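J.: Encoded as structure tokens, here's the structure I'll be asking about.
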Amino acid sequence: STVATSRTGPWFVNFGTYATRSMADTWASRVRPGAGQVIVAPNEKDGRTLYRVRVVGLADREQAQQVARSLEADLRVAELWVGRE
């Protein structure tokens, strides 16, 4: 629905963290959330860069959890965690 995708907010779903940009990009291309936007965010840790795949721009915890449960079912992945920017 166009209403869900037009809403923005500080909540996100952390989909996964990957050692290579190409792996992160591959997963990011498969993530099709009903709301929010998929990003790949580089994160420096202990001198190396890891790449987080997240769905950002979710309005509230409830919306973030709905997106997480939907992605778990669609992509058959383990429980995803939600957070706030």
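Read-outs throughout are calculated quantities, based only on the coordinates presented, and are distinct from any laboratory measurement. All of these numbers come straight from a predicted model, not from anything done at the bench.
J.: GNM, the chain, Cα, under 10 Å: largest mean-square fluctuation among GLU44, GLU62, GLU72?
T.: GLU44
J.: Relative to the present Cα-Cα distance, how much length would full extension add between ASP74 and ALA41 at 0.36 nm per residue of separation?
T.: In short, 9.6 nm is gained.
J.: Percent of Cα-Cα pairs per 5 Å bin, from 0 to the last occupied bin, for the chain, please list those.
T.: Cα pair-distance distribution for the chain, in percent: 3, 17, 26, 24, 18, 8, 3, 1, 0.
J.: Helix 21-30: angle to the longest alpha-carbon principal axis of the chain, degrees 0 to 90, nearest 10?
T.: Its long axis makes an angle of about 20 degrees.
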